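I have placed the structure first, in the form of structure tokens, so that the comments after it can refer back to it.
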Amino acid sequence: QVRLVESGGGLAQPGGSLRLSCAASGSIVGMYYMAWYHQAPGKQRELVAGITSGGSTNYADSVKGRFTISRDIAKNTVYLQMNSLKLEDTAVYYCYLRNSLDQYWGHGTQVTVSS
């Protein structure tokens, strides 16, 4: 079993920054993919950014140039640096991990962008 614990959410003003962290623990075996999704009220959960074990990244068009995903393999931790935040970035952000055995979700952390 794998456990994902997110931290770093909160309130930010438009144009501000936040940094999310997700620490993975448990039976993490082999290569794996980690990502951040977000879900706004009344909307589907959507991919924000992902990163492979090899360091390849992918981003939603809406966050390209503003958000950066990174990982510390030794700590089994993935980060999401969010800059130039917009009102529409308000959502619950979920950490996600997929390996050869299964996929896992964190419980989510709220990000609110408001003036």
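The values are calculated or read from the model by the stated rules, or taken from the named source; none is laboratory data. Since the structure is predicted, the reported quantities are computational estimates derived from the model, not experimental observations. Here the Cβ positions follow ideal geometry from the backbone for every residue, glycine too, while neighbour counts run over all protein chains shown. Please note that ligands, DNA and RNA were not included when accessible areas were found on the heavy atoms of the full protein model with its side chains. Shrake-Rupley method; radii C 1.70, N 1.55, O 1.52, S 1.80 Å.
Listing for the model above:
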{"quantity": "Packing-based ranking, highest mean first, of 49-61, 101-113 given that Cβ atoms within 10 Å are counted", "calculated": "101-113, 49-61"}
{"quantity": "With every protein chain in place, the range 5-86: carbon and sulfur % of accessible area (1.4 Å)", "calculated": "49"}
{"quantity": "Cα-based Rg of the range 1-55 normalised by 2.2 N^0.38 Å, two decimals", "calculated": "1.36"}
{"quantity": "Per residue, in Å², the accessible surface of the chain once ligands and nucleic acids are set aside, probe 1.4 Å", "calculated": "53"}
{"quantity": "Most to least packed among 20-26, 34-40 [average Cβ atoms within 10 Å]", "calculated": "34-40, 20-26"}
{"quantity": "Value of Rg/Rh across the chain [Cα atoms, Kirkwood radius]", "calculated": "0.96"}
{"quantity": "For peptides 92-100, 66-74, sequence by mean Cβ density within 10 Å, most packed first", "calculated": "92-100, 66-74"}
